[in-house]
Structure formats: C-alpha cells, structure tokens
Amino acid sequence: MLLRYFYDDKLAHASYLVGCQKTGEAIVIDPSRHLEPYVQAAKAEGVTIVAATETHIHADFVSGVRELGVAHKAKLYLSDEGGADWKYQYADSLNHQFLRDGDRFTVGNLLFEVMHTPGHTPESISFLLTDRGGNADRPIGIFTGDFVFAGDIGRPDLLEKAAGVKGASDSGARAMFKSLSKFKQLPDYLQVWPAHGAGSACGKALGAVPSSTVGYEKLFNWAMSYTDEEEFVQALLDGQPEPPKYFAVMKRVNKEGPALLEDLFSVTEIASLEEIKKLLGAEQIVDTRNAQEFAQGHVEGTLNIPWNKSFANWAGWIIDYDRPLYLLTSPDQLDQILRALRSVGIDNVAGYIEFGKVLSSGAFSHESYAEVTPLEIAKDVESGNVHVIDVRSLSEWKEGHIPNAQHIMLGTLPRRLDEIPKDKPILMQCRSGARSAIAASILQANGFKQVLNLGGGFLQWQRDGLVHV
C-alpha cells in the first residue's frame, strides 16, 4: 500500500494519495483544487489516479474532486447522507457512486468502508482502510476528515453561523456526540488521518501533528472525556472561533461544483496609467506588499493583505466575491497569489498592476499611516483622545484587553464601519500588530484618515506593564 500526505499550510488542509502498488491504481482523499502535487506524486510512484473522494462538502477551501472527475476521468465516491440539502449537484454528469453508512468500495486491493459520522456536517462520512493486498483482514486506519482531529473534533456551528441554518449548532453537537460513541468503539491501534491541522477554523484546538491513533485520541482528546450529552454539547459549542465569511460561499461552490481551472480567464497586466486611474476608487484593489512598506506609502483607496501564510484566509474574509478584484503586486508572485485566491474560490481576478509602475509614478495620490508604540500612545488612550479598536478573535478579547477598547474582529470589520467614530484618531490593535495593519488599510480605504497601528500589539502593551482588563 502507498500512502502520501499533502499539507497546505495556508489553509491548514491535509489531503491524501492512497495507492495499490500491485494494481497501479490510486485514489485521492479530500483533494485541493490544484491537482499538480497528486499527479506528480502518482507519476513518481508509478500509479494512476482512478478515483477521488471527500469526507464531506468542504466549507474552507475549493475541493478538487470535480476537477479530478473531469480532467482525469476519476470515479467519484461521494456521500449520499445528510438529506436533500446535502446532495452533490454536479455528480450526475460524471462517473460516480453515492455512499451511505456501511457501504464498501475498492481501489485495487484496498478496501474502503464507509462510516457515517455527522456532527460537523450532516453528510460527513469517514473511511476505514484495509490493505487486502498485504493480506490484512482488518483496517489499518481511518480517514476522519473534519470529524476527529488530533486533539480536537469538528465544530458543529458552521451551518448556523456561516450559512444561517437555524438550530443547526445544537443538532450538530448532538449528532457529534453520537458519532463519537461509534468512534470510541473502534480499535485503539487504528491510525487517524484528519483533513486539517493547527490553524484551521474547522475546530477550536487542533493539534499540529499530522496524524494520531484512535487509542491516543480516546485518552487525550478533550472531547472524548464526556459521557453526559448535555455537558458535551455545552462544552463543544463554547468558545468556537468566528467562522470566516467565505465558508458559506465555499459550501455552495463545492455542492454545486466549482469552475474548472482551465475555464478561468488568464490574468493580464493593467499597464495603462489612464486605465489604472479609472480603477482607483471604483474597484477593489489589494496591495500585497508587507505591512511596513504599505504603511510608509500606498495609493489611496487600496487594501493591504500581505502575501504571507495568512493571505488566503484574510482574502476570503475581506474580499467581496461579487466584485472584480485587481491585484497590486509583482509579476513574480502573481501565480502563487492566484493559486491561493482560487483555493478559496476567488476566481474573479480581473487584472494586476505592477508595484513599481504605480508607486514610482507621480500620477496617483498616496497616503500613509503611522505605527506607534504602547508607551507613546498610552496617555492618549487613557484620556480618550484616541479610540481603540481591537480586531482579535472573541476568545483573545475575553482573555484580556485594553480598557475602553471596542472589539470588532478583523474579518467582520468591512461590514461594521458605521460603528466606528470619525471625530478622533483610531488606534488599530491586535495581538502583535499584523492583523491590525490589515485593519488600518481597510479603514483608510473607506475614508478614515486619522488611523494608527499599535506596534507590537496587545503583547507589547502587556510587556510594557500598561493597564488592561
């Protein structure tokens, strides 16, 4: 048996290539939209991808299952659980098999047994894998998707918070309790292969290790210790992070069937200064430089989402999917940036503008914002001369914050601008200064000109011994 692990650290997403070396056939489990890593690995290992599957309709990235079905003629194994609202609408046009609890299918000499594990989502399934090519008569492991992670379990509140399905949080938590009772009956030796690691918003306390075992999770996963359903439901729902805004979009896209990559338009440079002038102020333009460079000088009306590990997540939160997007970036980064955007379904990228062409030109209005230290600004904060906005998560806010600060989590900021006073300077603040820099760019692009960023964030505020509650 062949097992290859793939991890996208920008989305904390894990996927797997599982192959039977005797027959030369392989399946991809929970694939990302970009297939090159799987195709290259399969070629290197001498196997052919003949099938694809996923544990549920994902909400945090664009699935590559449809792409594999069309581009590689892979047979798709898809959940038929969860009711009418959770059916794959694109499946009928492709070679597929719908799966329910207890079903089995094979890829070469590999046997996959389906276990319905609702809770995170109604249609969620897990796959027990037995390597019959190695004469095994019992499973070696289980692909759990977003059901059981290393150290955590899937959150049940996304359908209610992100998609507006009333009552789904409670019903999902109760379904999860029942699913975990099935998990606890599995043999301790089984390996656990989840679809996410630390940093994913699909849980609240995911571990950073790539895999675990059933026995280890029974011993140390916080969720396994509960025997009372009511206590479990309360503990599971408490402290869940804010679901990214784009989760509802991803759920719809993956259910209906994402666009094929070959059908997307190529992204060309906007080279004309006159054309660039027309875009400024009328379209959403994202500057991908680091926060320090952006703060020192940038074109009025542009947003700053630095090109780094968190780019795709914050792009999904902040960018309006219904409007064309233009990138202010360097050509050598364009392909990687497009890949990250398309991984969260931001396909409507209408063009890019080269940094140097705009920043060196005197044809555009520029602005900047200052970064201040806690000691420099503390007296103004205390006197109320400066209004503080804390853009951290709710759980961070509850652990401690600057007195009189206003809490507006970064991802929700574009929709809450009318809550912010305009008669005094605004100090943006997060844990270390990175998220608040993005927030400062959002405010400036929307007409708030007295914007400051707290260098070092709340951590530096604490280190300096300043008052917090």
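Observations, loosely collected:
- Vicinal HN-Hα couplings computed from phi for segment 381-393 (Karplus, 6.51 cos²θ - 1.76 cosθ + 1.60; Hz; Gly/Pro x): 5, 5, 7, x, 6, 10, 9, 9, 10, 9, 9, 6, 6
- Charge-dipole axis of the chain as Lys and Arg at +1 and Asp and Glu at -1 on Cβ define it, positive-most pick from I142, G301, H387: I142
- Neighbour net charge for Q185 - beta-carbon separation under 15 angstrom, K R +1, D E -1: +1
- Pairs over the 22 Å Cα-Cα cut-off, from the set K178/K245; K75/K161; K10/K245; K309/K422; K10/K218: K178/K245; K75/K161; K309/K422; K10/K218.
- With Cα atoms, 0 to 90° folded angle of helix 36-45 axis to the chain main axis: 40 degrees
- Computed FRET value (nearest 0.05) for T373 with F220, which takes r as the C-beta separation and R₀ as 60 Å: 0.90
- Inter-label distance for A271 and N308, nm, one decimal - labels placed 7 Å from Cα along Cα-to-Cβ: 3.3 nm
- Footprinting exposure proxy for F143, F355 (fewest neighbouring C-beta atoms within 10 Å first): F355, F143
- Shape class of segment 356-455 from the alpha-carbon gyration tensor: prolate, with a/c at 1.5 or above and a/b greater than b/c.
- Ordering V148, V358, V62, V469 by the number of other Cβ atoms within 10 Å of each residue's own Cβ, fewest first, gives V469, V358, V62, V148.
- Going from the fewest other Cβ atoms within 10 Å to the most, the residues V209, V344, V233 appear in the order V209, V233, V344.
- Square roots of 5 times each gyration tensor eigenvalue, C-alpha, segment 264-367, largest first, Å: 20, 15, 12
- Lysines whose Cα lies under 17 Å from that of K398, excluding same-chain neighbours fewer than 8 positions away: K204
- Computed FRET value (nearest 0.05) for K178 with R138, which takes r as the C-beta separation and R₀ as 30 Å: 0.80
- Tensor-based shape of segment 53-158 (alpha-carbon gyration tensor, a/c under 1.5 rounded, otherwise prolate or oblate): oblate
- Amide hydrogen neighbours beyond the local backbone of E25, cut-off 5 Å, H modeled: C20, T48
- 3J(HN,Hα) along segment 188-203, derived from phi through the Karplus expression 6.51 cos²θ - 1.76 cosθ + 1.60 where θ = phi - 60°, amounts to 4, 6, 4, 6, 10, 10, x, 9, 8, x, 4, x, 6, 8, 7, x Hz, with x in place of Gly and Pro.
- Entry note, the chain: the mean residue ellipticity at 222 nm calculated from DSSP H runs of n ≥ 4, each adding -39500 (n - 2.57), is -8000 deg cm²/dmol after division by the residues and rounding to the nearest 500.
- Degrees between helix 331-343 axis and first principal axis of the chain (Cα, 0 to 90, nearest 10): 60 degrees
Each reported figure results from applying straightforward, stated rules to the coordinates on display, with no laboratory input. Treat the numbers as computed from the prediction; the structure is a model and nothing was measured. All Cβ positions, glycine included, derive from the backbone under ideal geometry; neighbour counts span all protein chains shown.
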